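Only one structure is covered here, and it is reproduced in the block below.
The values are calculated or read from the model by the stated rules, or taken from the named source; none is laboratory data. Because the structure is a prediction, the values reported are computed rather than measured. All Cβ positions, glycine included, derive from the backbone under ideal geometry; neighbour counts span all protein chains shown.
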Amino acid sequence: MCLTTYHQLGKPGADGRPGAAAVEFALIAPFFVLISLGMFELGRAMMVKTALSDAASKGCRAGILRQNGNDSITAAVTNLMQDNGFGTSKFNPPTIGATNITVTAPDGTVLSDSLDAPSGSVVSVQVSIPVSSTTWITPFYLGSGATLESETVVMMKQ
């Protein structure tokens, strides 16, 4: 009498290596977690970059109006950043983040304020925020001392 054993495919432990899948998962899972967290942080950085760009644009739009000065530009930038979830604990120039305003007259001289700047002046607004104020998890992926920034330049018309 001959007994024949048939190998059943798909049956756990049938290949004589019980637990191999668990060990392989334990080796690969940390890499997947790191990649996933990196994708989340990179996505967050792109979202913050868009918010900074919007804030710089809004500041420039405020700055090209003759009745608005640098205080109005700073208020417009700060309000938009707060609307995007960056309260005073995360964005509060000049202590946390920065708003740099440069107004250049048509003859090339740098003006101290955008209030009543002559026609043809160029208004530049640069907004920056430290990465530590933007991360959800850890600044490991983007660097702890780094900053995200955006700049918009607009020419004043009449």
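Tabulated data
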{"read-out": "Residue check, Arg66 over 27 Å from the mean Cα position of the chain (by Cα) and in contact (Cβ under 8 Å) with a residue 24 or more places away in the chain", "value": "yes"}
{"read-out": "Residue pairs meeting the criteria (Cβ under 8 Å; at least 6 apart or on separate chains; first more than 15 Å from Met81 (Cα to Cα) and among the basic types (Lys, Arg), in the stretch 131-143; second surrounded by 18 or more Cβ atoms within 10 Å (Cβ to Cβ) and modelled with pLDDT of 75 or more)", "value": "none"}
{"read-out": "Evaluation of Ser132 against (1) modelled with pLDDT under 90; (2) assigned to a loop (DSSP other than H, G, I, E, B) (one fails), failing number", "value": "(2)"}
{"read-out": "Residue list for the stretch 26-55, restricted to those being within 18 Å of Met81 (Cα to Cα) and among the hydroxyl-bearing types (Ser, Thr, Tyr)", "value": "Thr50, Ser53"}
{"read-out": "Selection count where residues are of a type in the set (Gly, Ala, Ser) and surrounded by 14 or more Cβ atoms within 10 Å (Cβ to Cβ), scope the stretch 88-139", "value": "10"}
{"read-out": "Subset of the stretch 144-158 (residues that are among the hydrophobic types (A, V, I, L, M, F, W, C) and assigned to a loop (DSSP other than H, G, I, E, B))", "value": "Ala146, Met156"}
{"read-out": "Which listed residue, of Thr74, Thr102, is assigned to a strand (DSSP E or B) and either free of Cβ contacts under 8 Å to residues at least 24 places away in the same chain or not charged (D, E, K, R) (or both)", "value": "Thr102"}
{"read-out": "So Ser89, is it more than 19 Å from Met156 (Cβ to Cβ) and in a helix (DSSP H, G or I)", "value": "no"}
